[in-house]
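Worksheet: the structure to be examined is printed underneath.
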Amino acid sequence: MNAISTLAPSAIRQPSPDLSVLLDAVRNSVPLQVRDLTPQRVAEARAVAGVALQPADPVLIAAWLKKLAGLVVNGPDEVRARQQAEAMVEVCGDLPAAVWCPEARRAWARSGERGKFWPAPAELYAHLLPFAEKIRWQVHAARKVVKLSEAAKEAPKRRTAEERAAVECAVNAWKGRQPVQPKDAVKRLQPDQPSLRQRIAEYRRQLETAGPEAQAWLEPLITNLEAQHAAVCRKKARGFAERAVRA
């Protein structure tokens with residue numbers, strides 16, 4: 001094992017305690033504010049999301065196993081060290097690099113009677129799998145933090161009342177018109193619609209010169225309008241037929 005672990009292992013990217021709290025909040029669907037996405041947290045989340053799922057270098061795994069050998073009673077000797085390391089790499093080499101951390105090594109040593117002995121490849125894989133799952137959801141949460149920070153940068157800022165007034169004045173000046181009137185003022189400027197009485201009088205005037213075809217639809221229309229006018233004035237409507245009889 002000493003023969004293949006002479007190189008210094010590459011640094012493992014572990015989330016800081018501050019970022020871990022933020023990632024736990026994202027995992028539990030806790031809403032985040034823009035002030036929570038500080039540049040330092042976002043930069044660290046981007047680093048975690050980029051490299052944490054990459055498999056470890058065999059040299060790193062060998063160095064981790066070498067330290068584990070000092071914690072058990074039957075660690076491999078120099079003859080079996082390389083074979084043991086190769087077997088561990090074959091079984092556990094696809095796990096994220098961050099699982100090969102001191103925390104996972106201490107967890108094996110503290111696992112009771114089992115932790116006194118050197119693990120078989122299958123036992124080590126089962127021991128490291130929960131650490132790998134934790135790292136995977138941390139990466140997922142870190143990627144979401146990066147995405148939220150990018151969305152916060154792209155979100156348009158709300159204009160203040162002074163800015164909106166300045167824009168409105170600029171638009172009015174460009175159009176060469178008076179300031180925009182309120183809605184109630186616009187309504188007052190609109191011409192009044194003809195009343196029911198005026199409409200009835202106009203249709204009666206048209207009826208005097210209308211032909212049979214026009215009379216066929218003008219008479220019911222006038223009767224209907226008179227009924228509406230009588231309902232508004234709380235009077236009994238007098239239809240066209242009654243007026244014709246009196247005439």
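The values are calculated or read from the model by the stated rules, or taken from the named source; none is laboratory data. Predicted model, so just to flag it, every value in this text is computed and none were measured. Here the Cβ is made from the backbone with ideal geometry for all residues, glycine too, and neighbour counts use every protein chain on show. These area figures cover heavy atoms from the full protein model, side chains too; ligands, DNA and RNA do not enter into them. Shrake-Rupley method; radii C 1.70, N 1.55, O 1.52, S 1.80 Å.
Of all residues in region 3-28, those that are at negative phi have Cβ atoms under 8 Å from Cβ atoms of residues that are in a helix (DSSP H, G or I) and modelled with pLDDT under 70, 6 or more apart or on another chain, in ARG13/VAL51.
In region 206-235, the qualifying residues are those that are closer than 16 Å to LEU196 by Cβ and of a type in the set (Gly, Ala, Ser), and the one that is most open to solvent (accessible area, probe 1.4 Å) is ALA231. When PRO15 is tested against (1) open to solvent by less than 90 Å² (accessible area, probe 1.4 Å); (2) at pLDDT 85 or above, only condition (2) is not met. Figure legend. Inter-residue proximity from region 34-51: first residues under 22 Å from LYS134 (Cβ atoms), second residues surrounded by fewer than 17 Cβ atoms within 10 Å (Cβ to Cβ), beta-carbon distance below 6 Å, spacing 6+ or different chains. Indicated pairs: ALA49/ARG143.
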